[in-house]
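Okay, so here's the structure we're looking at.
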Amino acid sequence: MGLCLVLVMSILGAGQAAGQATNMKFSSGSSFPLESDVPSSWFATLREGRIGWMRWGIYAYRGRHVKAPNRTPCLQLATLAVSPGGGGGFQSDGRCGRVGISAARPILVNGGSSEQRRPPGGPVSTVDVVGIGVALSVETLKVQLQDGSEETIHTRVITQAQARASKLNLFRYAVIAKHRDVCIRKMSGFDSEGAELLDYESICL
């Protein structure tokens, strides 16, 4: 997956995030519950999917030991790479951020997998997923990836049911899933009237 070194979180306000990562191997792949590593019983499933040989899921939960916890959501991205033999590798990436307080502070979680295609020595194929959490006022994202390509993404609002399940205020999120490394080089966020609320940059290694 793409590696990013954060350079500038925002020109409108400095961001902060607390992270955690989990890696493990196991013998059963397709039935493994991706939400098993969410560190809270109060969480909501935002989206789940599959890209190539990898299952993924993004979950929202309420952060612990933080000020204004209902306005400090955490995102957990869980990925499961399933091999043809049924085994797989599980990873999770959790980050928290105060998107309910400042529109200029996004949450980013990332997970991916690479495998070598047959025959032995063939090219390496990669799948990658990035989850993004932003303030309720950020309706559109313009994203530039490490290869120079640009995308415009319309964010989604968590539902009232998801907000109740996670004990969080409403916020918005987006997902990028690609059959290649994904690293966000630059991201801008805009409200419904086109005013820029978020300006994020990073160095892609």
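No lab work stands behind these numbers, since they all come straight from the coordinates. Keep in mind it's a predicted model, so treat the numbers as computed, not measured. Every residue, glycine among them, receives a Cβ derived from its backbone with ideal geometry; neighbour counts consider all protein chains shown.
Going by how many other Cβ atoms sit within 10 Å of their own, how do Trp56, Trp42 line up, fewest first? Show your work: numbers first, answer last.
Working: Trp56 25, Trp42 13.
Listing Trp56, Trp42 from fewest to most nearby Cβ atoms yields Trp42, Trp56.
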Inter-label distance for Ser192 and Arg64, nm, one decimal - labels placed 7 Å from Cα along Cα-to-Cβ = 3.8
Here, trypsin sites (Lys or Arg not before Pro) of the range 120-205 satisfying both criteria (DSSP loop; at most 16 other Cβ within 10 Å) are Lys167, Arg180
Phi-based couplings in Hz for the range 131-146 (Karplus 6.51, -1.76, 1.60; Gly and Pro marked x) = x, 10, x, 9, 5, 4, 7, 8, 8, 9, 10, 10, 10, 10, 8, 5
